[in-house]
Number of protein chains: 2
Amino acid sequence: MTVPADPRQAALAAALARRAGTVEGALDTLLPLPESTEARLAEAMRYATLGGGKRLRAFLAMETASLFGVSETCAARVAAAIEMLHAYSLVHDDLPAMDDDDLRRGKPSCHRAFDEAIAILAGDALQTRAFEVLAEADTHSDPLARCELVAGLAAAAGARGMVAGQVIDMVSEGRALEPAEVNRLQALKTGRLIQFSAESGAILGRAPAAQRHLLAAYGRDLGAAFQIADDLLDAVGTTEETGKTAGKDAAAGKATMVAVLGLDRARAHAAMLASQAAEHLTGFGPRAENLRALAEFVVTRRS
Amino acid sequence: MTVPADPRQAALAAALARRAGTVEGALDTLLPLPESTEARLAEAMRYATLGGGKRLRAFLAMETASLFGVSETCAARVAAAIEMLHAYSLVHDDLPAMDDDDLRRGKPSCHRAFDEAIAILAGDALQTRAFEVLAEADTHSDPLARCELVAGLAAAAGARGMVAGQVIDMVSEGRALEPAEVNRLQALKTGRLIQFSAESGAILGRAPAAQRHLLAAYGRDLGAAFQIADDLLDAVGTTEETGKTAGKDAAAGKATMVAVLGLDRARAHAAMLASQAAEHLTGFGPRAENLRALAEFVVTRRS
């Protein structure tokens with residue numbers, strides 16, 4: 001990664017790299033490799049989770065937690081749980097019965113590296129582990145905070161969140177959707193989990209409701225901007241740059257904001273959302289500088 | 001169902017039917033059917049969960065909770081969450097990449113009634129919903145109890161519990177296992193969740209550790225007895241009686257206690273475990289009568 005010329009972006013890049021290292025360490029600890037017949041399961045769980053990805057969700061969790069002086073150890077556990085949940089969704093999304101994708105983060109997808117049955121089970125167990133980590137006492141001294149984290153992650157991930165988005169995505173393939181429908185699809189499929197990531201720091205920090213809502217709003221707008229940027233990269237990027245099969249969305253007739261708005265309007269909409277995201281942070285002062293820079297970064301990144 | 005001649009078994013049969021009705025109502029409420037593009041997901045979740053099964057796990061949760069005077073509403077939520085977790089595991093277990101089973105509870109399995117992608121996602125969302133229900137305030141006024149339920153269910157269900165058992169089961173197919181290995185496989189695959197079901201009442205009732213451990217021990221022995229009885233039914237029952245494809249385990253070279261011990265020794269071992277299960281309940285007095293009768297029932301049932 002080249003160091004950005006803009007000092008704000010350079011500081012963000014350093015913070016992203018540092019946080020990614022921290023969550024990597026937490027994931028390594030939280031997903032131990034047993035010496036037993038079932039070791040292959042843990043190997044697949046680690047394969048799907050460790051060593052890859054931008055760790056955007058983990059960064060949001062840790063960075064928002066830091067606004068409230070939450071210990072990095074606790075924040076890293078929440079960040080790791082969110083990354084496990086995200087990783088499970090990717091493993092299942094890549095399955096032959098779903099998107100049937102052979103490539104993920106530039107490596108063979110989990111069911112290609114292992115097999116389909118192990119990939120299904122590794123995804124299942126990653127989801128379980130995410131909730132287990134959140135519920136354990138090491139995550140927060142107040143059990144009410146831990147319950148709010150479990151319930152919040154579940155609401156973002158389940159049948160009224162991420163999984164609903166995946167279903168709409170599937171049933172909509174090849175069908176023309178209105179921009180509002182695509183917006184709802186994306187908000188469910190990727191937005192809710194990104195929103196929860198940003199909100200989780202406020203839950204950990206026992207922040208007043210107003211601050212929690214502002215961070216959730218930041219996460220919602222940032223997530224929407226991020227998704228459009230991702231779809232723009234899919235439309236114009238190469239497989240080498242992004243580590244994913246390029247042009248796949250258009251080929252599959254996927255409903256994206258790029259497909260319904262076109263490149264230019266999609267780009268403008270993402271920029272508007274990113275600036276709106278940053279505005280929610282006005283009251284948080286200089287400690288939120290990385291989060292503001294992130295809003296800018298998600299719509300300007302190249303991979 | 002014919003009414004058993006033994007009055008203890010008749011009382012148990014009535015209690016089983018009543019509890020099954022209660023948990024069915026709770027599941028119906030906790031898995032609403034939305035009017036939206038993603039309704040098919042909720043339909044599949046309801047299809048996989050409602051209207052079937054012995055509800056053994058739900059019964060254990062509700063019956064152990066009643067030992068401590070826990071409200072039936074709270075206990076039914078925990079019972080429903082455990083049944084959702086169990087249902088998710090069956091949906092994924094039946095997938096073509098796993099056991100590839102077309103029949104479940106006498107109906108087409110979820111991926112046959114819907115499709116593979118929906119079955120994967122419905123299983124995923126059922127797991128999520130199970131944890132969500134446990135974490136919500138309606139389940140218990142004390143958030144620590146809710147955290148213990150989430151962590152306990154996760155430990156029973158995840159990579160050191162049920163899913164580990166499924167992996168061992170898969171990698172062991174066609175390979176000769178020692179009785180101890182089969183025992184560990186079954187304890188993980190089905191035992192841990194049944195054990196947790198029995199333990200959950202003590203968690204809800206904020207029971208002293210000694211009582212919680214006794215109920216866990218009861219659940220562990222009962223679960224082991226239940227599994228052997230289930231394998232005996234598979235070996236000697238018919239498809240019509242059990243609602244599952246009969247003789248499937250032997251055909252697939254599955255590692256069961258029946259396979260390693262033979263019919264007679266397996267039957268004797270199950271009876272020993274059932275009587276051991278009942279002994280853990282000695283200190284619980286007449287309120288535990290249904291749980292004692294259940295230990296007898298699981299090894300004498302015909303379907």
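Read the figures in this text as sums done on the coordinates, not as results from a lab. Nothing here was measured: the structure is a model prediction, and the numbers come from that model. Counting neighbours? That spans all protein chains shown, and the Cβs are built from the backbone with ideal geometry, glycine included.
Quick look at the values:
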read-out: Other-copy label distances relative to B:K54, 7 angstrom Cα-Cβ extension, nm; value: 5.1
read-out: Coordinate range along principal axes, alpha carbons of chain B, Å, largest first; value: 53, 49, 38
read-out: Interchain or long-range residues, amide H under 5 Å from A:R160's placed H; value: none
read-out: Across A:K189/B:K189; A:K54/A:K107; B:K54/B:K254; B:K54/B:K189; B:K189/B:K254, pairs whose alpha-carbon gap is larger than 20 Å; value: A:K189/B:K189; B:K54/B:K254
read-out: Region B:133-155-region A:87-104 distance, computed between alpha-carbon centres (Å); value: 31 Å
read-out: Inter-chain shielding of B:137-146 (mean C-beta neighbours from other protein chains, 10 Å cut-off); value: 3
read-out: At 7 Å out from Cα toward Cβ: B:A14 inter-copy label distances (nm, ascending); value: 7.5
read-out: Across the identical copies, how the A:T282 labels are spaced - nm, sorted shortest first, 7 Å along Cα→Cβ; value: 7.2
read-out: Within the protein assembly as shown: Cβ-based charge dipole about Cα centre, in debye rounded to nearest 20 (Lys, Arg +1; Asp, Glu -1); value: 980 debye
read-out: Chain A - percent relative contact order, Cα under 8 Å, separation 6 or more; value: 19 percent
read-out: Where only C-alpha atoms are counted, convex hull volume of region B:88-129 per residue in Å³; value: 58 Å³
read-out: Partner chain coverage, peptide B:160-172 - average Cβ within 10 angstrom; value: 6
read-out: Trypsin sites (Lys or Arg not before Pro) restricted to region B:115-177 and DSSP loop, no more than 14 other C-beta within 10 Å; value: B:R175
read-out: For A:L204, net neighbour charge (Lys/Arg +1, Asp/Glu -1) across residues whose Cβ lies under 12 Å away; value: -1
read-out: For A:L261, net neighbour charge (Lys/Arg +1, Asp/Glu -1) across residues whose Cβ lies under 12 Å away; value: -1
read-out: Given charges at Cβ of Lys, Arg, Asp, Glu: the protein assembly as shown dipole, positive-most of B:A10, A:A225, A:A87; value: B:A10
read-out: Shielding score for A:148-158, defined as the mean number of other chain Cβ atoms within 10 Å; value: 6
read-out: Scattering profile of region B:1-83 at q = 0.13, 0.24 Å⁻¹ [log10 I(q)/I(0), Debye over alpha-carbon scatterers]; value: -0.47, -1.10
read-out: Bins of 20 Å from zero: percent of alpha-carbon pairs in the protein assembly as shown; value: 20, 53, 23, 4, 0
read-out: Dipole in debye (nearest 20) - chain A, about Cα centre, beta carbon charges: Lys, Arg +1; Asp, Glu -1; value: 720 debye
read-out: Within-12-Å neighbourhood charge of A:G223 [Cβ basis; K, R +1; D, E -1]; value: +1
read-out: Per principal axis, descending, Cα span of region B:1-155 in whole Å; value: 43, 43, 31
read-out: Estimated [θ] at 222 nm from DSSP helical runs (n ≥ 4, -39500 (n - 2.57)) normalised by residues in chain A, nearest 500; value: -22000 deg cm²/dmol
read-out: Order by protection proxy (mean Cβ within 10 Å, highest first), peptides B:99-111, B:279-291; value: B:99-111, B:279-291
